[in-house]
């Protein structure tokens, strides 16, 4: 899993190569970058092509973040409309759930108001009704009550996600959004809420993006943070 690539194309190039060695690639929000000199409409065309390249090698899961929003949806709240049109045979995006080898992946969009928030709540309730042995969520913002939402100066807790985790008890939640979380004093790239493991790989500059490789056979999570690396037994 990666998150917060923010239209850094060398990181996408690395990810396409790395997809040769995995079954599933999860990109957990902020694929695009609203402060980039490249217009957002151009970025999304390029990003859709990268998603297609990834899909030639692995199953692709892509959740939106705040930088991915491109306009109001049918209810007037902001959505990542471009990402919702990027789905295909091997690409799964906002609002979808997908099962593979006994694992259900539920891909949550960045929500902008009460209507889109309720859509996420409904999505999680529906996906949990017949959940298989393992359930994994993609959700850009990290939950309240974990060090994953601390950037070294202040916290950006998502109380709604924390409440949904308590209600539904997924096995794993893949997040992002807070770039500094793994490196700040007292921070980390992983946390627990009850029995749920939550991950935020963070974001650093360099030739390789911060990323986490989860092995569901060995039951390990391997975090790579450029100058740091850690293996966690799940």
Completion exercise
Residue hits (the stretch 66-92; crowded, with 24+ Cβ neighbours inside 10 Å and more than 18 Å from residue 39 (Cβ to Cβ)) are 79, 92
Practice task
Give just the number: which of (1) within 13 Å of the chain's Cα centre (by Cα); (2) surrounded by fewer than 19 Cβ atoms within 10 Å (Cβ to Cβ); (3) within 21 Å of residue 24 (Cβ to Cβ) does residue 61 not satisfy?
Solution key: (2)
Exercise for the section: Might you let me know whether the stretch 7-21 holds any residue that is under 30 Å from residue 121 (Cβ atoms) and either touching a strand residue (DSSP E or B) at 6+ places or on another chain (Cβ under 9 Å) or at pLDDT below 95 (or both)? Expected result: no
Practice task
Answer yes if at least one residue in the stretch 183-203 is under 16 Å from the mean Cα position of the chain (by Cα), buried (at least 18 other Cβ atoms within 10 Å of the Cβ) and at positive phi, and no otherwise.
Solution key: yes
Completion exercise
Residues of the stretch 136-163 being over 15 Å from the mean Cα position of the chain (by Cα) and surrounded by 24 or more Cβ atoms within 10 Å (Cβ to Cβ), in sequence order, are 146
Exercise for the section: Consider residue 84 carefully, then state whether it is under 17 Å from the mean Cα position of the chain (by Cα) and over 24 Å from residue 167 (Cβ atoms). Expected result: yes
Handout entry: Complete set of residues in the stretch 101-131 that are assigned to a loop (DSSP other than H, G, I, E, B), within 20 Å of residue 142 (Cα to Cα) and over 15 Å from the mean Cα position of the chain (by Cα)
Key = 112, 113
Practice task
Within the stretch 16-54, count every residue that is under 17 Å from residue 174 (Cα atoms) and buried (at least 19 other Cβ atoms within 10 Å of the Cβ).
Solution key: 8
Practice task
Filter the stretch 100-111 down to residues that are at pLDDT 95 or above and either more than 21 Å from residue 30 (Cβ to Cβ) or surrounded by fewer than 20 Cβ atoms within 10 Å (Cβ to Cβ) (or both), then give me how many there are.
Solution key: 2
Exercise for the section: Determine if the stretch 137-153 includes at least one residue that is part of a strand (DSSP E or B), under 26 Å from residue 24 (Cα atoms) and touching a residue at least 60 places away in the same chain (Cβ under 8 Å). Expected result: yes
Practice task
Identify all residues within the stretch 204-215 that are closer than 15 Å to residue 136 by Cβ and under 15 Å from the mean Cα position of the chain (by Cα); write none if there are none.
Solution key: 212, 213, 214
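Can you tell me which of 211, 168 is under 19 Å from residue 25 (Cβ atoms) and in contact with a helix residue (DSSP H, G or I) (Cβ under 8 Å, 6 or more places away or on another chain)?
Residue meeting the stated conditions: 211.
The values are calculated or read from the model by the stated rules, or taken from the named source; none is laboratory data. Keep in mind it's a predicted model, so treat the numbers as computed, not measured. In this analysis, Cβ positions are derived from the backbone assuming ideal geometry, glycine residues included, and neighbour counts consider all displayed protein chains.
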